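The values are calculated or read from the model by the stated rules, or taken from the named source; none is laboratory data. Treat the numbers as computed from the prediction; the structure is a model and nothing was measured. Backbone-built Cβ (ideal geometry, glycine too); neighbour counts: all protein chains shown.
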Amino acid sequence: MNRIHRALAVLAAAVLLAALFVTDHFAPDRAAPATAVSGSDFTPGMLITDSLFFDGDAMTVAEVQRFLDEKGRNCGSNCLKSFAQATRSQPATSRCDGYTGRSRESAAEIIVNVANSCGISPKVLLVMLEKETSLVTMNGPGDWRYERAMGYYCPDDPSRPGWCHPDYGGFFNQLYNAAAQMQRYVQNPYDYGYVAGRYNNIQYNPSLSCGTQRVYIENAATAALYIYTPYVPNRAALANLYGTGDGCSAYGNRNFWRLYNDWFGPTTGSADDSSSKRSPYGTIDSATGGNGTIRLTGWGIDPDDMTQSLYVWVTIDGVGKHIRANAPRPDVQRALPGAGPNQGFATTLTAEPGTREVCATLHNIGPGAHTSLGCRTVTVTGGTTGGVDPIGTITSLSTTPGVINVRGWAYEPDNPSNPVYVYVTVDGKGGHIRANQYRSDVAERYPEYGTHRGYQSSYKVSAGEHRVCVTLHNTGSGSHRSLGCRTIQVAAGTNFAPQGHLDGVTAIAGGVRVNGWAFDADTPTSAQVVLTANGQSTTVRTGTSRPDVARVIDPRAEAAGFSSALSLRPGTHRVCAEVIDSGTTNRKSIGCRTVTVPGDDPIGSIDRISTITGGVRISGWAADLDAPDQHVYVWVTVNGEGRHIKANLSRPDVQRVYPALTDRHGYSVDLRLPAGDNRVCLTAHNIGPGSHKSFGCHVIRR
């Protein structure tokens with residue numbers, strides 16, 4: 001299935017720095033092909049179209065094998081064209097459809113199966129393999145290149161050159177995790193420093209002294225490539241497209257663009273325009289069995305009319321019914337320019353107890369064909385008349401000296417608007433807590449449950465053995481649900497110093513985004529972090545998923561991450577982070593970074609042009625980050641004659657993306673037009689440094 005974009009449960013995951021294999025900084029020593037592209041053709045804001053990047057079925061296994069044979073024709077030993085290995089099964093997630101492991105698969109089979117599962121073009125995977133480790137063309141590559149094939153989880157750290165996390169070593173591991181990571185970037189566009197649809201300051205090189213380039217990233221695929229390899233080629237790198245530049249050059253994204261053009265043609269093209277490529281696409285986000293029910297969620301969209309709500313044919317063991325994909329999915333709309341706001345489906349279906357197969361098919365409109373979203377096997381409990389019990393789990397039961405920590409999640413299908421009460425007892429004595437805390441991992445797996453279904457609490461106890469029990473309280477039909485009891489050993493209490501690290505401070509329009517982690521063994525479920533910039537401090541709490549920290553530092557540090565946007569004026573700022581030692585007022589520094597916040601020209605857009613009687617209505621937004629509290633004037637002309645309007649309408653969506661702004665930067669104007677063709681232009685007037693900003697002109701016929 002061609003999963004052009006995958007949705008989209010909000011995952012507030014502060015992952016380690018995007019992987020950049022160290023050899024990415026060096027241009028390969030190759031002769032240019034006869035029909036080589038030129039560095040003057042390079043457009044930094046459009047490395048490749050979304051259509052090409054997310055075309056998961058662009059090549060068959062036979063086609064990939066022929067390609068590897070041709071590109072590796074000079075390889076005589078340890079070649080990718082003849083490589084094979086055992087693969088491991090992977091569960092389905094919102095990013096990939098899962099993977100069925102096999103005792104032996106060729107490199108071509110692995111590449112195509114990963115592409116189909118995660119919706120990333122096999123052409124893209126081939127190019128990334130070459131740019132990261134030269135595996136496609138190299139003669140006699142060392143085994144270490146297969147271990148680090150995609151440069152995944154190989155952070156650009158000068159203190160550890162060439163280091164990659166051992167948990168993600170191996171050819172299959174590298175391919176699958178890198179492809180899934182690309183989908184994570186798309187599904188969570190505002191969790192990272194580079195965002196499509198706005199200007200981004202991108203470094204030329206890991207050395208800050210080399211400077212940055214201001215790039216308007218045009219689409220999701222380009223943003224994902226910059227997050228993965230966070231550098232833009234400088235003039236020297238582009239001037240010598242098949243060689244090296246200067247000391248401030250980096251080559252990863254240049255080489256991706258050049259290789260794709262050389263191997264597969266222009267990156268500005270589209271996937272095959274045959275009728276099969278005009279079919280709808282989407283995904284099943286979750287299929288979960290309940291007490292006499294199956295809950296099914298997902299989304300679908302048709303490229304022939306991206307605003308129309310599609311019909312979805314859903315079957316349980318072959319017996320089906322139609323539902324509509326007309327539920328709000330603002331995440332899909334954000335990720336897919338041109339999509340309507342209501343492309344989701346979420347339905348609860350009655351089912352008999354037992355193991356059931358639920359399948360979904362999107363109905364096509366216009367050219368193309370219906371698209372199967374696949375099937376899921378679920379277990380249905382109870383019966384159709386016995387009511388629905390609350391559901392949930394104990395995620396972790398851990399200890400620190402003198403403390404027991406309980407963490408989990410809960411959901412009540414009969415009363416989804418209210419958090420579940422959770423009754424926790426320690427040695428028979430207990431109390432209620434509410435399951436209303438943020439759990440991005442639950443939202444990722446079960447989007448219909450929402451993001452605030454978590455519970456966690458800590459209990460001071462004496463040293464020794466203790467028995468902990470957890471029960472979910474039912475509020476509708478059904479009964480209370482026990483999650484069981486566990487016996488746990490607790491050491492005598494003491495005090496531990498907090499730990500942490502400031503991973504990065506990235507300039508965004510109107511401020512900065514700060515990411516890192518902090519952990520205090522005395523209060524392992526949450527730590528307080530003080531962020532300081534320009535003498536002003538903001539306190540945030542940890543709570544975002546950091547499995548990497550949990551693996552290395554402490555198993556209880558699953559949610560030790562923090563990510564916060566700070567509003568800052570344009571200019572250079574010093575941002576520092578400190579973790580507070582629980583039970584004291586002491587602070588421990590976990591790092592400082594210097595960052596420059598962009599300003600200059602106004603920003604904004606024309607969002608909508610709609611017909612009204614006698615003319616058109618044009619709406620959008622405009623702002624100037626040099627004066628975030630002021631309203632920008634927009635000069636509107638019709639056939640050269642114009643007037644000013646004020647961008648002062650409510651736009652809270654703009655404020656969410658640009659936290660330094662107020663929520664009133666929208667505009668809407670009705671224009672009377674004479675019969676015939678009319679040229680309508682809009683320009684935002686600059687405030688402070690910079691120049692006026694044209695939003696473009698449109699020829700409108702009345």
Notebook entry, point to check: Can you tell me which residues in region 441-473 are at pLDDT 85 or above and aromatic (Phe, Trp, Tyr)?
Noted result: Tyr455
Margin query: I'd like the residue in region 79-105 that is hydroxyl-bearing (Ser, Thr, Tyr) and in contact with a helix residue (DSSP H, G or I) (Cβ under 6 Å, 6 or more places away or on another chain) and, out of all such residues, is modelled with the lowest pLDDT.
Written below: Ser94
Check: Has region 401-424 got at least one residue that is of a type in the set (A, V, I, L, M) and over 30 Å from Ala491 (Cα atoms)?
Finding: yes
Notebook entry, point to check: Just wondering, is there one or more residues in region 388-395 that are touching a helix residue (DSSP H, G or I) at 6+ places or on another chain (Cβ under 7 Å) and at pLDDT 75 or above?
Noted result: no
Check: Would a scan of region 629-646 turn up a residue that is under 23 Å from Tyr192 (Cα atoms) and not assigned by TED's automatic domain parsing to the domain that holds Gln213?
Finding: no
Next item on the list: Please give the strands (runs of 3 or more DSSP E) falling wholly within region 520-578 in which 3 or more residues are more than 15 Å from Ser396 (Cα to Cα) and over 25 Å from the mean Cα position of the chain (by Cα).
Entry: 528-533, 536-541
Notebook entry, point to check: Which residues, counting only those in region 126-135, are surrounded by fewer than 24 Cβ atoms within 10 Å (Cβ to Cβ) and not polar (S, T, N, Q)?
Noted result: Glu130
Check: Taking region 657-702 on its own, how many of its residues are without any contact (Cβ under 8 Å) to a residue 40 or more places away in the chain and either surrounded by 13 or more Cβ atoms within 10 Å (Cβ to Cβ) or more than 15 Å from Gly615 (Cβ to Cβ) (or both)?
Finding: 5
Checklist line | Filter pass, Arg88 being farther than 28 Å from Gly282 by Cα and assigned to a loop (DSSP other than H, G, I, E, B) | finding: no
Check: Can you name every residue in region 241-261 that is aromatic (Phe, Trp, Tyr) and in contact with a helix residue (DSSP H, G or I) (Cβ under 7 Å, 6 or more places away or on another chain)?
Finding: Tyr251, Phe256, Tyr260
Note to self: Suppose we filter Thr267, Thr222 for residues that are part of a helix (DSSP H, G or I), in contact (Cβ under 8 Å) with a residue 40 or more places away in the chain and of a type in the set (Ser, Thr, Tyr); which single one remains?
What the structure shows: Thr222
Margin query: Looking at region 617-634, can you tell me whether even one residue there is over 30 Å from Ala565 (Cα atoms) and outside any loop (DSSP other than H, G, I, E, B)?
Written below: yes
Next item on the list: May I ask you to list the residues in region 665-702 that are within 15 Å of Asp607 (Cα to Cα) and among the small types (Gly, Ala, Ser)?
Entry: Gly666, Ser668, Ala684, Ser694, Gly696
Check: Just checking, which of Gly265, Gly292, Gly320 is at positive phi and at pLDDT below 85?
Finding: Gly292
Notebook entry, point to check: Which helices (runs of 4 or more DSSP H) sit wholly inside region 94-147 and have at least 2 residues that are of a type outside the set (Val, Ile, Thr) and closer than 24 Å to Pro266 by Cα?
Noted result: 107-118, 122-133
Notebook entry, point to check: If you check Ser106 against the conditions, is it buried (at least 22 other Cβ atoms within 10 Å of the Cβ) and under 19 Å from Asn177 (Cα atoms)?
Noted result: no
